[in-house]
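Notes follow once the structure below has been shown.
The values are calculated or read from the model by the stated rules, or taken from the named source; none is laboratory data. Nothing here was measured: the structure is a model prediction, and the numbers come from that model. Neighbour counts are summed over all protein chains in view; Cβ atoms, including those assigned to glycine, are modelled from backbone coordinates with ideal geometry. Ligands, DNA and RNA are excluded from the accessible area calculation, which covers all protein heavy atoms including side chains. Shrake-Rupley method; radii C 1.70, N 1.55, O 1.52, S 1.80 Å.
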Amino acid sequence: MRNSFDEKILDEANDWINANQKVVLATVIQTWGSSPRPTGSRMIINEKGDFSGSVSGGCVESAVVREAQELINDNKPFKKLEFKVSNESAWEIGLACGGEIAVYLEQFN
Amino acid sequence: MKHSILKKIVDLKKQKKEFAIVTDLKNSNSTVYKLDEDLDEDFIQYKDQIDSFFKSKNNGVIDGTDIFVETYIRPIKVVIVGAVHIAQYLVDFAKSLNFEITIIDPRGYFASEKRFPGINILNKWPDEAFNEIETNSNTALIALTHDPKIDDPALKYAIDKNFYYIGALGSKKTHANRCERLKEAGYSENQINSIFGPIGIKLGGKSAPEIALSIIAQLVSETYKK
């Protein structure tokens with residue numbers, strides 16, 4: 001049986017919007033191999049780069065925040081990002097676990 | 001996603017409704033779909049696939065399309081008998097784990113709104129209280145009073161209704177006496193053995209939050225076994 005271990009990210013998104021913030025929703029839409037968080041995991045980001053929730057175990061969040069801020073600045077509605085396994089060069093954004101994830105970014109309008 | 005859709009989602013979650021969010025990844029248009037309602041016409045051609053995601057309670061992209069489906073299911077209902085100190089910590093854990101808690105305790109001085117703000121508390125004896133709660137085989141019972149007058153009727157109800165998790169607080173001796181009473185009341189060995197008693201996984205701690213943690217850990221583990 002699965003429980004709906006709901007992280008209340010969408011509720012928080014609604015609060016942020018009501019506080020007149022520009023908000024981007026990031027959702028894990030696909031995973032391949034060993035990925036840190038399941039499909040449907042969510043994170044929200046505002047124009048200042050504040051964020052809540054997660055789409056990985058901390059591996060790609062910084063890139064997602066950057067892309068989300070770009071989306072807001074360029075006033076684009078959505079964007080799809082894919083993250084693959086990172087190689088050994090330090091500080092590169094990627095998933096150390098060897099999995100792949102697709103993250104969908106969308107602005108609320 | 002439109003803010004109006006988000007507001008609808010937040011509202012449905014508050015009402016503990018089951019629904020799916022369907023998003024066209026090509027243009028970020030979303031809709032909310034409830035099983036008993038018509039699907040938005042932009043998505044109607046995917047109805048069968050969306051229904052199957054709904055039934056399997058899964059999230060994902062429909063094969064060969066750009067349609068993403070996320071399902072929201074109702075939280076699991078957990079009935080706690082005994083508005084005691086441990087219950088206060090259970091309520092805290094249950095919040096982040098999204099279990100839906102109802103507390104039963106006929107003793108008014110325990111079951112007060114002040115001690116359990118925002119929690120559904122039934123200040124009644126179990127037999128009467130269960131008339132007001134919708135339960136099924138996806139419901140869990142945590143009996144904490146170790147008073148047979150209060151715990152036993154609740155345990156009997158949970159066994160009769162085939163709850164997926166039944167746990168009862170008390171020492172080995174208390175539990176042995178409890179089993180004996182249930183046997184005398186005509187319950188089978190299998191039924192009696194389905195009760196987790198003494199409740200919780202062994203962590204070693206004796207404080208209220210530690211016992212609550214051991215109970216909630218067992219509850220989560222049993223939830224995934226089912």
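Residue-level check: of (1) within 24 Å of residue B:219 (Cα to Cα); (2) part of a loop (DSSP other than H, G, I, E, B), residue B:38 misses just (1).
Inspect the stretch B:30-38 for any residue being within 14 Å of another protein chain (Cβ to nearest Cβ), open to solvent by 10 Å² or more (accessible area, probe 1.4 Å), within 15 Å of residue A:29 (Cβ to Cβ) and more than 28 Å from the chain's Cα centre (by Cα) and give the result as yes or no. Yes. Against the conditions (1) part of a loop (DSSP other than H, G, I, E, B); (2) open to solvent by 10 Å² or more (accessible area, probe 1.4 Å), residue B:4 satisfies every one except (1).
Residues that are within 14 Å of chain A (Cβ to nearest Cβ), among the aromatic types (Phe, Trp, Tyr) and out of contact with any strand residue (DSSP E or B) (no Cβ under 6 Å at 6 or more places or on another chain) within the stretch B:72-91 are absent altogether.
Scan the stretch B:68-93 for residues that are more than 30 Å from residue B:47 (Cα to Cα), at pLDDT below 95 and touching a helix residue (DSSP H, G or I) at 6+ places or on another chain (Cβ under 7 Å) and the total you get is 1.
For the stretch B:92-117, a residue qualifies if it is closer than 15 Å to residue B:212 by Cα and within 14 Å of chain A (Cβ to nearest Cβ), and the qualifying residues are B:93, B:94, B:95, B:96, B:97, B:99, B:101. Taking residue B:213 as the residue in question, decide whether it is modelled with pLDDT under 95, more than 14 Å from chain A (Cβ to nearest Cβ) and farther than 24 Å from residue B:125 by Cα. So residue B:213 fails the test.
Candidates are the residues of the stretch A:22-41 that are in a strand (DSSP E or B) and more than 11 Å from chain B (Cβ to nearest Cβ); the one that is surrounded by the fewest Cβ atoms within 10 Å (Cβ to Cβ) is A:32.
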